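Step one of this worksheet: look at the structure below.
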Amino acid sequence: MSADSWIEPLHQENRHFAPTAEFSKNAIAQPAIYEQAKADRLGFWADQANQLHWHKPFTQTLDWTNPPFARWFHDGEINISYNCLDRHVEAGNGDRVALFFEGEPGDNREITYAELTDEVKRAANVLIGLGVKPGDRVAIYMPMIPEAIVAMQAVARIGAVHSVIFGGFSAESLHTRIEDAQATLVITADGGYRKGRASALKPAVDMALDGGKCPSVKNVLVVKRTGQEVGWVEGRDIDWGTALASASNDHAAQGFNAEHPLFILYTSGTTGKPKGILHTTGGYLTQVAYTHKNVFDLHADTDVYWCTADIGWITGHSYVAYGPLANGASQVIYEGTPETPDWGRWWSIVQKYGVSILYTAPTAIRSFMKLGSQIPKEYDLSSIRVLGSVGEPINPEAWMWYRNIIGGGHAPIVDTWWQTETGAIMISPLPGITTLKPGSAQIALPGIEMKILDDGGNVLGREEPGLLTITEPWPSMLRGIWGDPDRYKETYWSKFKNIYFAGDGAKFDEEGNVWLLGRVDDVMNVSGHRLSTAEIESALVSHPYVAEAAVVGAKDETTGQAVVAFVILRRNQLENAGSDADVSKILRDHVTKEIGPIARPRTIMVVSELPKTRSGKIMRRLLRDVAEDRPVGDVTTLADTSVMDIISGKIAGGASD
Ligand code: WT7
């Protein structure tokens, strides 16, 4: 019998797991929370907001007179960093560890709330000294080290707006984002440790700014992490360590309007241009703190929380940089990759720090599952009491493995559905209340109203797949797309009047649980990261070899979806290009350079035609059939119905790796 032979086939999705009486008794969220929110939704949100410290109390909870532009708590004033830091020190919890930092090479640091507050105050003074003013944009391009969180907190503390750019994005992506937001300062590091090596970051910043390409940027603050050699532009570049050491640790947090912009985070949409999703202060922190506490059942004085997301994604904002700190939690942050030095690394971290709440993505769980249960079983994971999942649907097999092997057969799993745009968790079980059903994100959280609609806006019944919508505004909702109010209205609010359309398909099962059915637009989900087909297509056609490109997300066992690109080559370039395999590597490298390694296509298929409708729209559905090795569906709307035969025939010898 193999170690994993207990894993039964798919019918497990109909099994139910009720919380134990003991878990329920001690849970933060009790069943009455649903009734409270139902009875007085806005009163409920006001109560959640009032768990925070307000420099000036608000008198109105929601202003929705000008939809889709919501204002939450808009006459109140708040400082997000004060709420995450000073507040806990003043309450006598300064000695509690805020961050257990584990570097990839094995170095570690414990940083208490008092120490973190001190460091953020110094950083705030450094930013002020560099002329950063409230409302100014600061780009952050950093590895997962404590300084990344210090930087975000310091920027927010002084009312500036951060735009964190994932360290895996290329210089070109960095450039576009700095330019779009007109950032005045970039905070970066020489590099970080990944896969056992020092991986440089500063050169990408230099390339992005090269030759005055981003004239808005006045300075670059550089954290020394790896000590690797980096270029230095005198007068522009400043050493973080030196600057902080000589800065004062005296900084009184000032209140900002609840609707003051907090951050921009770029995400992929259906066009080639990433959208700068804008979040503001009071409503965001309210929902992030509320969800972090209730969904993960956080007991701040005893739990050790670990969310494995990078700060480059929304999960790293809401559930690393803000939520846990707002709630005074002790959390682990880990710099590196799960396989370094071996696939036991995460479990050794859980054992070492006594992690009790673990929040990660299905793609990671599936990778571990493939390697078998033996590796995690070598570690003591008995501290774990709550598990979380985010980014894509978690398949019932992975759910069961997660619960049995990582969660000791008893830990509740909260499958949390939300988006960069929603800012915080929207649909999820509450671990002390909900009877769990593997594979379903279950029900809307108290305070959230959702419906599943058909194309015409009709409410659908159980077992009828349709479009997931949010029918009432919520505190942490996006407030817009940076610099593009029309795109904001068009993308999210034009399909149904004053109703938010999330872009996801969904259905209720016969028990009223929500099942997410994937994106209904041209957005892909690779390892829980959002990628746009159009963005990768435009990267591909920017290469001289490529005449036309069509990208689809094909099902992938580990990463959920994988990027598969169909390309038509320029005939006159063909002889330079050599064999298909060479072209494949060249083009995959090109996408890596243009966007970053996360967008690198798994497969490049060289074709002579693309399936198009008579109006010229590429029929991605048919390409997905080919990429997933299925019989090709209905081709009658194609301008040339023979195209699919040619493509399918060609694919038999397609280039992949
Ligand atoms: C898209 C949002 C939310 C932080 C990470 C991703 C998909 C997210 C789930 C889930 C099924 C999920 C949706 C959504 N998604 N969580 N629990 N079950 N699908 O943020 O990059 O903004 O992507 O991720 O398709 O629209 P994002």
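Put simply, the convex hull of the Cα atoms in region 3-505 casts, on average, a shadow of 22.8 nm². One decimal place: the segment Asn26-Asp634 gains 213.4 nm when fully extended, by the rule 0.36 nm per residue minus the C-alpha distance.
Could you compute the FRET efficiency for Lys352 and Glu557, with r as their C-beta to C-beta distance and R0 at 30 Å, rounded to 0.05?
0.45
Report, in debye and to the nearest 20, how large the dipole of region 527-652 comes out about its Cα centre when Lys and Arg carry +1 and Asp and Glu carry -1 on their Cβ. List each step's numbers first, then the result.
Numbers: 17 positive and 17 negative charges, 55 e Å.
With Lys and Arg at +1 and Asp and Glu at -1, about 260 debye.
Other residues within the sphere of radius under 9 Å centred on the Cβ of Glu147, judged by their own Cβ, net out at 0 (K and R +1, D and E -1). Sorted largest first, the spans of the alpha carbon positions of region 86-191 along the three principal axes are 43, 35, 17 Å.
Multiply the residue gap between Asn66 and Ser542 by 0.36 nm, knock off their C-alpha separation, and tell me the result in nm, one decimal place.
Separation in residues times 0.36 nm, less the Cα-Cα distance, equals 167.3 nm.
Listed values for region 559-571 are Karplus-derived 3J(HN,Hα) couplings in whole Hz (6.51 cos²θ - 1.76 cosθ + 1.60, θ = phi - 60°), namely 8, x, 10, 10, 7, 10, 10, 9, 10, 9, 8, 6, 3, and x replaces Gly and Pro.
Quick one: of Lys56/Lys121; Lys451/Lys507; Lys451/Lys495; Lys202/Lys224; Lys273/Lys585, which pairs are farther than 19 Å apart, Cα to Cα?
Details: Lys56/Lys121 21 Å; Lys451/Lys507 9 Å; Lys451/Lys495 14 Å; Lys202/Lys224 10 Å; Lys273/Lys585 25 Å.
Pairs exceeding 19 Å: Lys56/Lys121; Lys273/Lys585.
Using a cutoff of 8 angstrom between alpha carbon atoms and counting only pairs six or more residues apart, the relative contact order for the chain works out to 13 percent. Averaging Cα coordinates gives a centre for region 496-575 and one for region 335-403; these two points are 27 Å apart. Within region 527-652, DSSP assigns beta bridges of which about 75% are antiparallel (rounded to the nearest 5). Counted by Cβ distance under 14 Å from Leu127, the other residues give a net charge of +3, where Lys and Arg count +1 and Asp and Glu count -1. For region 149-300, the spread of Cα coordinates along the three principal axes comes to 45, 45, 35 Å, biggest extent given first. Considering only the other residues whose Cβ falls under 13 Å of the Cβ of Gly159, what net charge follows from Lys and Arg at +1 and Asp and Glu at -1? Residues close to Gly159 contribute a combined charge of 0. By DSSP, the beta bridges lying fully in the chain are antiparallel in about 60 percent of cases. Comparing Ala156, Leu387, Pro338 along the charge dipole axis of the chain, the residue lying farthest to the positive side is Ala156, per the Cβ-charge model. Taking the charge dipole of the chain about its Cα centre, with +1 at Lys and Arg Cβ atoms and -1 at Asp and Glu Cβ atoms, the residue from Ala27, Ala627, Cys214 reaching farthest to the positive side is Cys214. Return the whole-Å distance between the Cα centroid of region 220-263 and the Cα centroid of region 24-56. Region 220-263 and region 24-56 have Cα centres separated by 36 Å. Computed packing ranks the peptides 470-477, 332-339 as 470-477, 332-339, most packed first, by mean other Cβ atoms within 10 Å. Couplings for region 400-412, taken from phi via the Karplus curve 6.51 cos²θ - 1.76 cosθ + 1.60 with θ = phi - 60°, read 5, 5, 4, 5, 6, 8, 8, x, x, x, 10, 5, x Hz in order; Gly and Pro are left as x. Volume of the convex hull of region 527-652 (Cα atoms only), normalised per residue: 109 Å³. For the pair Asp107 and Asp582 in one chain, pulling the backbone fully straight at 0.36 nm per residue adds 166.9 nm over the alpha carbon distance.
Each Cα pair under 8 Å and six or more residues apart adds its separation to the average, and for region 527-652 the resulting relative contact order is 22 percent.
Under the simplified labelling scheme, the Val233-Lys377 pair shows an inter-label distance of 5.5 nm, with each label point 7 Å from Cα along Cα→Cβ.
Each value in this text was obtained by applying a stated rule to the coordinates, not by laboratory testing. What you see is a predicted model; the values in this text were computed from it and never measured. Note that each Cβ is placed from the backbone with ideal geometry, even for glycine, and that neighbours are counted across all protein chains shown.
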